[in-house]
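K.L.:
The structure follows.
Where a number appears in this text, it was derived from the coordinates with a stated rule and is not lab data. Bear in mind that the values here come from a model prediction, so they are computed numbers and not experimental data. Positions of Cβ are backbone-derived with ideal geometry, glycine not excepted, and every protein chain shown enters the neighbour counts.
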Amino acid sequence: MLQAPSSRTREILADATFKELVSGRARLRWILSILTLVMFFGFIGLVSVAKAALGTNIAGSALPLGFALALAMVAALVVFTGIYVQRSNTRFDELARAVKRELGR
């Protein structure tokens, strides 16, 4: 059975800093998630249409193009994680502390 939110909950949900924190986190999560999905589905699509091209070696090395692209995707995911952590440790943690200061009891 759902209960009506308490006045304390309504106060927190109405706070501008809390709204900024929630929307900022959600926006960054969606952006990074969409980039990741586009990368993965793009790679799968590329494998389905250009299988032979992905099997060719990169000029001057024994590394196939498909493997290099897969490694680049893994590196991009590490970068995306770093972006989220950096943003979380700077802006989002600052906003969370501000909400605690303003509304904490």
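K.L.:
Around Val85, what is the net charge, scoring Lys/Arg as +1 and Asp/Glu as -1 over all other residues with Cβ under 13 Å from its Cβ?
P.N.:
Numbers: positive: Arg25, Arg29, Arg87, Arg91; negative: Asp93.
In short, +3.
K.L.:
So, one more: For volume of the Cα convex hull per residue in Å³, pick the label among (i) 188; (ii) 147; (iii) 109 that corresponds to the value derived from the coordinates.
P.N.:
Only one option fits the structure, namely (ii).
K.L.:
Also: Tell me, what HN-Hα J-couplings in whole Hz come from the Karplus equation 6.51 cos²θ - 1.76 cosθ + 1.60 at θ = phi - 60° for each residue of the range 24-29, using x for Gly and Pro?
P.N.:
Karplus values, whole Hz, x for Gly and Pro: x, 5, 5, 4, 5, 4.
K.L.:
Which whole-Hz couplings ³J(HN,Hα) result when phi for each residue of the range 67-82 is put into the Karplus expression 6.51 cos²θ - 1.76 cosθ + 1.60, θ = phi - 60°, listed in order with x for Gly and Pro?
P.N.:
Taking θ as phi minus 60°, the curve returns 5, 5, 5, 5, 5, 5, 5, 4, 4, 5, 5, 5, 5, 4, 4, x Hz for the range 67-82.
K.L.:
Also, quick follow-up: Residue by residue through the range 87-102, what is 3J(HN,Hα) from phi via Karplus (6.51 cos²θ - 1.76 cosθ + 1.60, θ = phi - 60°)? Round to whole Hz and write x for glycine and proline.
P.N.:
Listing the rounded values in order: 5, 5, 6, 9, 6, 5, 5, 4, 5, 5, 5, 5, 5, 4, 5, 6 Hz.
K.L.:
If you average the alpha carbon positions of the range 80-105 and of the range 1-54, how far apart do those two centres end up, in angstrom?
P.N.:
The range 80-105 and the range 1-54 have Cα centres spaced 17 Å from each other.
K.L.:
Suppose only helical runs count, i.e. DSSP H with n ≥ 4. What mean residue ellipticity at 222 nm does that imply for the chain under -39500 (n - 2.57) per run, divided by all residues and rounded to the nearest 500 deg cm²/dmol?
P.N.:
Taken over the chain, the calculation gives -25500 deg cm²/dmol.
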